[in-house]
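Notes for the one structure printed next.
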């Protein structure tokens, strides 16, 4: 064929067309076999009728269809335009398919034992909402007592308003318990490590009151089911 040059090096043959590497072949039992895993141009892949890289390409095109069904469609000519395909090792190592089939180890029940009100407060924020409230708020914050499960809801115009709302909540719930002979106070606050709770105002208020700040692992709502179930 015009423009085709073949270079032989020991047991390796390299096929060039107009100076571009088209294919690489290795000598096996007196015959040269094209190495389909070799790095060649897309045009060079047309030399082989059944190219394993085409199997991977059609695996992607058909929504990561599993290999057996893909080969059956090809051999039975069930899809117009689908070329002859063959099994390859690349399809079995598709990163997207492997990640999609991974299973997460079940979470153990979280130990959240408390013996009195206000020992642990769970907090969660939600928003922004598409529609504002009558007061012009797009966010709301939940504050849940772990012992009694009493839940308070505060509406916020901005996430940064969480510190002021927490001050109001703390004053209210602690005042409700005064005079009962047991002056309960908030001892710990647990959140999901969201950025709305990492502001200087909120952390300063917790430090000033001597309240322990607890946070779960990011993107792991299973660690604080009390807040997630109430949200």
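Taken together, the values in this text are just the output of simple stated rules run on the coordinates, not laboratory data. The shown structure was predicted, so the numbers you read here are calculated from the model rather than taken from an experiment. A quick note on method: Cβ atoms are made from the backbone with ideal geometry, for glycine too, and the neighbour counts reach across all protein chains shown.
Across the range 205-231, the residues whose backbone nitrogen lies under 18 Å from the label position 7 Å along the beta-carbon direction of residue 104 are 215-231.
Treating each Cα of the chain as one equal point scatterer and applying the Debye formula with no solvent, the log10 of I(q)/I(0) at q = 0.12 Å⁻¹ comes out as -0.76.
Estimate the FRET efficiency between residue 95 and residue 12 by the formula 1/(1 + (r/R0)^6), using the beta-carbon distance for r and 25 Å for R0, to the nearest 0.05.
The formula returns an efficiency of 0.25 here.
Rounded to two decimal places and with Rh computed the Kirkwood way over Cα pairs, what is Rg over Rh for the range 114-223? Don't skip to the answer; put the middle values down first.
Values: Rg = 14.1 Å, Rh = 14.6 Å.
Rounded to two decimals, Rg over Rh is 0.97.
Here the gap between residue 204 and residue 27, fully extended at 0.36 nm per residue and compared with their Cα-Cα distance, gives a gain of 56.3 nm. Modelled spin-label separation between residue 62 and residue 149, with each label point placed 7 Å from Cα along the Cα-to-Cβ direction: 5.1 nm.
Note on residue 131 and residue 174: the model spin-label points, each 7 Å out from Cα along the C-beta direction, lie 3.8 nm apart. Specify the angular offset, from 0 to 90 degrees and rounded to the nearest 10, of the alpha carbon long axis of helix 200-209 from the longest principal axis of the alpha carbons in the chain. Relative to the chain, helix 200-209 is tipped by roughly 40 degrees.
Dividing the helix sum by the residues of the chain, where each DSSP H run of 4 or more adds -39500 (n - 2.57), gives a mean residue ellipticity at 222 nm of -7000 deg cm²/dmol. Dividing the mean sequence gap of close Cα pairs (under 8 Å, 6+ apart) by how many residues the chain holds gives a relative contact order of 12 percent.
Give me the distance between the Cα centres of the range 162-210 and the range 113-146, rounded to whole Å. Answer, in whole Å: 12. Computed from Cα positions, the angle between helix 162-177 and the longest principal axis of the chain comes to roughly 40 degrees. Could you calculate the FRET efficiency of residue 157 with residue 116 from 1/(1 + (r/R0)^6), where r is the beta carbon distance between them and R0 is 25 Å, rounded to 0.05? FRET efficiency, residue 157 to residue 116: 0.15.
Summarising the strand pairing of the range 99-220, around 65 percent of its internal DSSP beta bridges are antiparallel.
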